[in-house]
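Engineer: Next up is a structure, given as structure tokens.
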Amino acid sequence: MILRSFLPVLMAGLVIPAFAQTVADTPSRTIKAGKAEVTALAIAPKGDRVLIGTNSGAVLCAIESGKKLHAFAYGEDGATAVYHVGFNENGEFVVLIGPSGKRTVWSAADGHQEKVITPHRWIPDPRQVKAMGLEMSNSAFDRFYQQQEVKVGEMTLRAVKDGKVDFIGPDGKVQRTMSFPENKDQHHRAPLLLWEDQLLVGTDDGRVLFYEVR
């Protein structure tokens, strides 16, 4: 009873921190897409598959088993790199967009490319594609990525050189850095994707790392 009467006074002298989310130090799951550099990521609407864009097409994998389901050999205007990937609303089709802004649609069921894209109204139109920064002026060397930042609580996670990921606090200072010694390309910017309680990070040797967010 005495403690209860003093509780408001005790609480008044405390600074209660806001709930802070943290990212685990080690990945809980790793999916290998191949040897190509990972450039873009998307999760299927049902949460059962991950679409992995690379500098040599894209790969569809099952999340639970890590099994490779289909490979999509993107190649437009002499470029094989994929800078944006996405699913339609029911996960039956995927879209791949390269540095020139060319869009291709593929069946997620059999891996075949659709010959006509106009019926697929869910894909970004050319104006939207240009707004995303995917245009002819972007050469393959530019290493243009769409997923360079995500927010985890008050932290901003930002992809930087050597495939590292900086954790930047509200004050703008780097409080933590994720490093990946396996990355060999200093120009690599790891695509980042926050999905439910998982942070996905793409490496330059074809891996997608899943980290728990608590």
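Engineer: Looking at segment 25-87, what strands (runs of 3 or more DSSP E) fall wholly within it and have at least 3 residues that are within 17 Å of the chain's Cα centre (by Cα)?
Structural biologist: Counting at least 3 such residues, we get 29-32, 38-43, 49-54, 57-62, 84-87.
Engineer: While we're here: Going by the structure shown, is residue 181 over 20 Å from residue 33 (Cα atoms) and more than 17 Å from the chain's Cα centre (by Cα)?
Structural biologist: No; evaluated as a whole, the condition is false for this residue.
Engineer: Could you list, in sequence order, all residues of segment 43-58 that are open to solvent by 10 Å² or more (accessible area, probe 1.4 Å) and out of contact with any Ser or Thr (no Cβ under 7 Å at 6 or more places or on another chain)?
Structural biologist: 43, 45, 46, 47, 48, 49 - these are the residues of segment 43-58 that are open to solvent by 10 Å² or more (accessible area, probe 1.4 Å) and out of contact with any Ser or Thr (no Cβ under 7 Å at 6 or more places or on another chain).
Engineer: Right, here's the next one. Going residue by residue through segment 131-142, is there one that turns out to be open to solvent by 10 Å² or more (accessible area, probe 1.4 Å), at pLDDT 90 or above and outside any loop (DSSP other than H, G, I, E, B)?
Structural biologist: Scanning segment 131-142, I find no residue that is open to solvent by 10 Å² or more (accessible area, probe 1.4 Å), at pLDDT 90 or above and outside any loop (DSSP other than H, G, I, E, B), so the answer is no.
Engineer: Out of curiosity, is residue 171 assigned to a loop (DSSP other than H, G, I, E, B), at pLDDT 95 or above and over 20 Å from residue 84 (Cα atoms)?
Structural biologist: yes
Engineer: Ok, one more. I'm trying to understand the selection: among the residues of segment 88-99, which are outside any loop (DSSP other than H, G, I, E, B) and surrounded by fewer than 23 Cβ atoms within 10 Å (Cβ to Cβ)?
Structural biologist: Hit for segment 88-99 is 93, nothing else.
Engineer: Another question, then. Test of understanding: among 177, 118, 156, which residue is without any contact (Cβ under 8 Å) to a residue 12 or more places away in the chain, among the hydroxyl-bearing types (Ser, Thr, Tyr) and more than 17 Å from residue 99 (Cα to Cα)?
Structural biologist: That would be 118, the only listed residue that is without any contact (Cβ under 8 Å) to a residue 12 or more places away in the chain, among the hydroxyl-bearing types (Ser, Thr, Tyr) and more than 17 Å from residue 99 (Cα to Cα).
Engineer: Test each condition in (1) at pLDDT 90 or above; (2) in contact with a Pro (Cβ under 9 Å, 6 or more places away or on another chain); (3) closer than 24 Å to residue 38 by Cβ for residue 101 and report the one that comes out false.
Structural biologist: Just one mismatch for residue 101, condition (1).
The values are calculated or read from the model by the stated rules, or taken from the named source; none is laboratory data. Not measured: the values here are computed from a predicted model. Using ideal geometry, Cβ is built from the backbone for each residue, glycine included, and neighbour counts are taken over all protein chains shown. Areas reflect the complete protein model, heavy atoms only, side chains present, ligands, DNA and RNA absent. Shrake-Rupley method; radii C 1.70, N 1.55, O 1.52, S 1.80 Å.
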